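A.B. asks: My questions will all concern the structure given below.
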Amino acid sequence: MKNAIPLFLSALFIAFLPACKKSQPTGQQPQTEVIKLTYANFPPASTFPCVQMERWKEEVEKRTKGQVEIQTFPGGTLLEAKDMMDGIINNQADIGCLCMAYQPGRFLLTNATSLPLKIPNSKVGSRVLWELYNNYKPESFSQVKVLTMFTTAPSNIMSKKAIRTLKDIQGLDLRASGGAAQILKAWGANQVGMPMSATPEALQKGVVQGLFSSVEVMKDFNYAEMCKYVTMTDTVIYPFAVVMNQKKWDALPDSVKQVMDELALEQAVWTGEYMDQHARDALEWSKKTYQVEVIELTPQQKEEWNKLLAPIMNEWIAQAEEKALPAKEIVQNLQTLIQNHSQ
Ligand code: 3IO
């Protein structure tokens, strides 16, 4: 019994030794845990929304020195085109890339960028969209953190049959969404709505005879194999947003938030420049690889085609005013932004 107490104490000491060891790290800096985030995207990995996603991932990982790790999911493997916004709100993924044209009513304000306002290219479009968003902070994005926005290059008609005049487009089944869809209708096409990710099958099965979007898809989806004609209209862009679950954002360290906020405009411009260059390259590639014919409209034709688009603006204004938005002011702001950034 005499030795019981020291024995008990040594036993206690030995028992606690591992615990003490654990709480005393090896004298280096306390290790911060790696933050893992998922990023969902709807089209295939080779397409521009995914190219910009990989670029953003790399930059964030580099600038946070590995504190943040991003796992990307292209091709709708985590969330599909039309589920993106709700999927991020419900945290089925942490980050998601969405095209606003697929839910035109939901993103009414920012979809003003796809009115026929002659945005000249994706770089200007992306800056204008980002600024418009920050000027008005629309309700439709109030449940998420917006990480960046960008647009496509202006849309052109890619088709199986040559479209040289307005007569050629009458009643033709052509695919587009959102603002671009309104334009196809105004020209007399039979507009068919679906996300870009559903379009390869629709073209293959003959559900549509072509599409209206930015021309880099001729290469990235290999549409040039089926669509031997491109009619250059250089009309509207498609607007995109990259959004993050609000709670996941709130939980990030300030230093990480700062990295992402500082990247927002830079990412928009990077994507714009990539898109503009890639659209040009893809058109050249299409001519060389599949002997695609690029059809230019005469100035008179352009005037004639543009005239038909006049009512679209008024329709949008009426719709926006119904939702109590300062519609005319928004359009004016947009026109100023386009002018300023086009210089
Ligand atoms: C687009 C969407 C996904 C992948 C490539 C793309 N190029 C242009 C778009 C624009 C768009 O969303 C669409 O549906 O035409």
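A.B. asks: Among the listed residues F141, F150, identify the single one that is within 13 Å of the ligand (Cβ to nearest atom), among the hydrophobic types (A, V, I, L, M, F, W, C) and at pLDDT 95 or above. First the steps, then the outcome.
C.D. replies: On the way: F141 fails: within 13 Å of the ligand (Cβ to nearest atom).
Going through F141, F150 in turn, the sole match is F150.
A.B. asks: Just give me the residues in region 49-66 being touching a Ser or Thr at 6+ places or on another chain (Cβ under 7 Å), within 16 Å of the ligand (Cβ to nearest atom) and of a type in the set (K, R), in sequence order.
C.D. replies: Answer for region 49-66, where residues must be touching a Ser or Thr at 6+ places or on another chain (Cβ under 7 Å), within 16 Å of the ligand (Cβ to nearest atom) and of a type in the set (K, R): there is none.
A.B. asks: Among residues belonging to region 278-305 that are touching a Ser or Thr at 6+ places or on another chain (Cβ under 6 Å) and not in a helix (DSSP H, G or I), point out the one that is nearest to A180 (Cα to Cα). Full working, then the answer.
C.D. replies: Filtering region 278-305 down to residues touching a Ser or Thr at 6+ places or on another chain (Cβ under 6 Å) leaves 279, 292, 295.
This time we only want the ones that are not in a helix (DSSP H, G or I), so: 292, 295.
Values: V292: 22, I295: 19 Å.
Among residues in region 278-305 that are touching a Ser or Thr at 6+ places or on another chain (Cβ under 6 Å) and not in a helix (DSSP H, G or I), the one nearest to A180 (Cα to Cα) is I295.
A.B. asks: Kindly check whether there is at least one residue in region 94-107 that is more than 22 Å from R175 (Cβ to Cβ), of a type in the set (D, E) and in contact with a helix residue (DSSP H, G or I) (Cβ under 8 Å, 6 or more places away or on another chain). Steps first, please.
C.D. replies: The initial filter retains those residues of region 94-107 that are more than 22 Å from R175 (Cβ to Cβ), namely 94-96.
Remaining after also requiring of a type in the set (D, E): 94.
With the extra rule that they be in contact with a helix residue (DSSP H, G or I) (Cβ under 8 Å, 6 or more places away or on another chain), the set shrinks to 94.
Yes, region 94-107 contains a residue that is more than 22 Å from R175 (Cβ to Cβ), of a type in the set (D, E) and in contact with a helix residue (DSSP H, G or I) (Cβ under 8 Å, 6 or more places away or on another chain).
A.B. asks: Would you tally the residues in region 74-103 being among the hydroxyl-bearing types (S, T, Y) and under 25 Å from A251 (Cβ atoms)? Show your work before the answer.
C.D. replies: Taking region 74-103 and keeping what is among the hydroxyl-bearing types (S, T, Y), we get 77, 102.
Narrowing the set further to residues that are under 25 Å from A251 (Cβ atoms) leaves 77.
Number satisfying all stated conditions: 1.
A.B. asks: Then there's this: Got a number for residues in region 91-127 being assigned to a helix (DSSP H, G or I) and farther than 15 Å from M275 by Cα? Don't jump to the end; show me each part of the working.
C.D. replies: Narrowing region 91-127 to residues assigned to a helix (DSSP H, G or I): 100-102, 110-114, 122-127.
With farther than 15 Å from M275 by Cα added as a condition, the list becomes 100-102, 110-114.
So the answer is 8.
Yes or no, residue by residue, for (1) free of Cβ contacts under 8 Å to residues at least 40 places away in the same chain; (2) closer than 23 Å to P104 by Cα; (3) not aromatic (F, W, Y):
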site: A251; (1), (2), (3): yes, no, yes
site: Y274; (1), (2), (3): no, no, no
site: A279; (1), (2), (3): no, no, yes
site: Y290; (1), (2), (3): no, no, no
site: Q300; (1), (2), (3): yes, no, yes
site: E315; (1), (2), (3): no, yes, yes
site: E322; (1), (2), (3): yes, yes, yes
site: L325; (1), (2), (3): no, yes, yes
site: H341; (1), (2), (3): no, no, yes
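A.B. asks: Output the strands (runs of 3 or more DSSP E) that fall wholly within region 203-277 and possess 3 or more residues being within 14 Å of the ligand (Cβ to nearest atom), or say none. Before you say what the answer is, go through the steps one by one.
C.D. replies: Working: elements: 210-213, 229-232, 239-245.
So the answer is 210-213, 239-245.
A.B. asks: Only one of (1) touching a Phe, Trp or Tyr at 6+ places or on another chain (Cβ under 9 Å); (2) within 23 Å of I237 (Cβ to Cβ) is not met by T72, so which one is it?
C.D. replies: Failed condition: (2).
A.B. asks: Still on this structure, please answer the following. Just a yes or no: is a residue in region 176-184 among the hydroxyl-bearing types (S, T, Y), within 13 Å of the ligand (Cβ to nearest atom) and either assigned to a loop (DSSP other than H, G, I, E, B) or under 22 Å from G75 (Cβ atoms) (or both)? Before you say what the answer is, go through the steps one by one.
C.D. replies: Initial filter on region 176-184 (among the hydroxyl-bearing types (S, T, Y)): 177.
Those still in the list that are within 13 Å of the ligand (Cβ to nearest atom) too: 177.
From what's left, either assigned to a loop (DSSP other than H, G, I, E, B) or under 22 Å from G75 (Cβ atoms) (or both): 177.
Yes, there is a match, as at least one residue in region 176-184 is among the hydroxyl-bearing types (S, T, Y), within 13 Å of the ligand (Cβ to nearest atom) and either assigned to a loop (DSSP other than H, G, I, E, B) or under 22 Å from G75 (Cβ atoms) (or both).
A.B. asks: For a quick check of your reading of the model, give me the residue pairs whose first member lies in region 210-222 and is in contact (Cβ under 8 Å) with a residue 12 or more places away in the chain and of a type in the set (S, T, N, Q), whose second is within 6 Å of the ligand (Cβ to nearest atom) and assigned to a helix (DSSP H, G or I), with beta-carbon atoms closer than 7 Å and at least 6 apart or on different chains.
C.D. replies: Hits for this filter: S213/M196.
A.B. asks: Right, another one. May I ask you to say which residue of Q52, Q28, Q71, Q92 is at pLDDT 95 or above and loosely packed, with under 15 Cβ neighbours inside 10 Å? Break it down stepwise before answering.
C.D. replies: Values: Q52 fails: loosely packed, with under 15 Cβ neighbours inside 10 Å; Q28 fails: at pLDDT 95 or above; Q92 fails: loosely packed, with under 15 Cβ neighbours inside 10 Å.
The match here is Q71.
A.B. asks: Hey, another quick one. Could you go through region 302-324 and let me know if any residue there is among the basic types (K, R) and closer than 24 Å to C99 by Cα. First the steps, then the outcome.
C.D. replies: Within region 302-324, the subset among the basic types (K, R) is 302, 307, 323.
Remaining after also requiring closer than 24 Å to C99 by Cα: 323.
Yes, region 302-324 contains at least one residue that is among the basic types (K, R) and closer than 24 Å to C99 by Cα.
A.B. asks: K123 - would you say it is surrounded by 22 or more Cβ atoms within 10 Å (Cβ to Cβ) and within 14 Å of the chain's Cα centre (by Cα)? It would help to see each step written out before you state the result.
C.D. replies: Details: surrounded by 22 or more Cβ atoms within 10 Å (Cβ to Cβ): yes; within 14 Å of the chain's Cα centre (by Cα): yes.
Yes; evaluated as a whole, the condition is true for this residue.
A.B. asks: Take the conditions surrounded by 14 or more Cβ atoms within 10 Å (Cβ to Cβ), more than 15 Å from T113 (Cβ to Cβ) and not hydroxyl-bearing (S, T, Y) and apply them to I330. Does it pass? Walk me through how you get there before you give the answer.
C.D. replies: Working: surrounded by 14 or more Cβ atoms within 10 Å (Cβ to Cβ): yes; more than 15 Å from T113 (Cβ to Cβ): no; not hydroxyl-bearing (S, T, Y): yes.
It is false that I330 is surrounded by 14 or more Cβ atoms within 10 Å (Cβ to Cβ), more than 15 Å from T113 (Cβ to Cβ) and not hydroxyl-bearing (S, T, Y).
A.B. asks: On to the next question. Taking E69 as meeting all but one of (1) more than 16 Å from the ligand (Cβ to nearest atom); (2) in contact (Cβ under 8 Å) with a residue 60 or more places away in the chain; (3) not small (G, A, S), write down the number of the exception.
C.D. replies: (2)
The values are calculated or read from the model by the stated rules, or taken from the named source; none is laboratory data. No experiment lies behind these values; they were computed from the predicted model shown. Every residue, glycine as well, gets a Cβ built from its backbone with ideal geometry; the counts of neighbours run over all protein chains shown.
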